[in-house]
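Following this message is one structure expressed as structure tokens.
Please treat every number below as a calculation from the coordinates, not as lab data. Small disclaimer: the values here were computed from a predicted structure and weren't measured. A quick note on method: Cβ atoms are made from the backbone with ideal geometry, for glycine too, and the neighbour counts reach across all protein chains shown.
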DNA sequence: GTAAAACTTGACACCCGTGTAAGGGTCAAG
DNA sequence: CTTGACCCTTACACGGGTGTCAAGTTTTAC
């Protein structure tokens, strides 16, 4: 498949796919004319990249982590620590978001209970912690 | 309290506090010499701002949402929809992160089971370390 | 063989909260 | 008054993934 097909299959723009390759996250075969060709497995790989990116891992970190997903041989203690710390970071991030969600949910809830009516009981201050 | 005190109390840099003010998220009284003075309540407000920022709301959105936390009078159906969509976004983000966490946790788990020990199906474990 | 669609590389721009430096003013203690 | 800590505004830079334009090449379809 060519870059347009992979783009369509994953939702990642061609620009992004080239960027992933640039950063060493994705590889491609080239046609005689120089155009990129991908195997079917690239779809899943791109999805994984997107997932890790959206979790806040930068491309350098993903480059460290990605190979070990496909190749057990290169797993090292250093990499284990790296993974562990990333996992920790993501979990902390989830916790932060959960707290913020409660703040937002509290506000939304008030709208639902008394739409457009004052309650005499302020929201944000109480739900902050 | 002055900006340094507020900074110390919240962990936000003076730079950030001025930026929040610039964006209309935070207000301050000024001394005759032009220096900012904050009431105690500013501490909580800054914490809220930080929380919303880390949840991915940008300052324009926060500016829309923040007033309604302290002043019910300005709540509108439009704002309700806004809050709702932000809440939805945050929840989707949490779900995404959860999935990614599972990926990372899976990898970390593998390390725990076989910490640096060859398994017999590895080809070149020694090569790279 | 020709046109259109798709691809190539390279470069520049954006977002947007934050860091940082310059050059100067304020304020409280000595 | 002086000193040193603190604060002021202005302005430039960054990260890092993505959008987008430009100018040229390849592939596909007719």
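Put the label 7 Å from Cα along Cα→Cβ for residue B:82; what are its distances to the other copies, in nanometres, shortest first?
4.3
Let me ask something else. Measuring label to label, 7 Å along Cα→Cβ, what does residue B:8 give against each other copy in nm, shortest first?
Here residue B:8 shows inter-copy label distances of 6.3 nm.
Quick one: if you stick a label point 7 Å off each Cα along the C-beta vector at residue B:31 and residue B:78, how many nm between them?
For residue B:31 paired with residue B:78, the spin-label model returns 4.1 nm.
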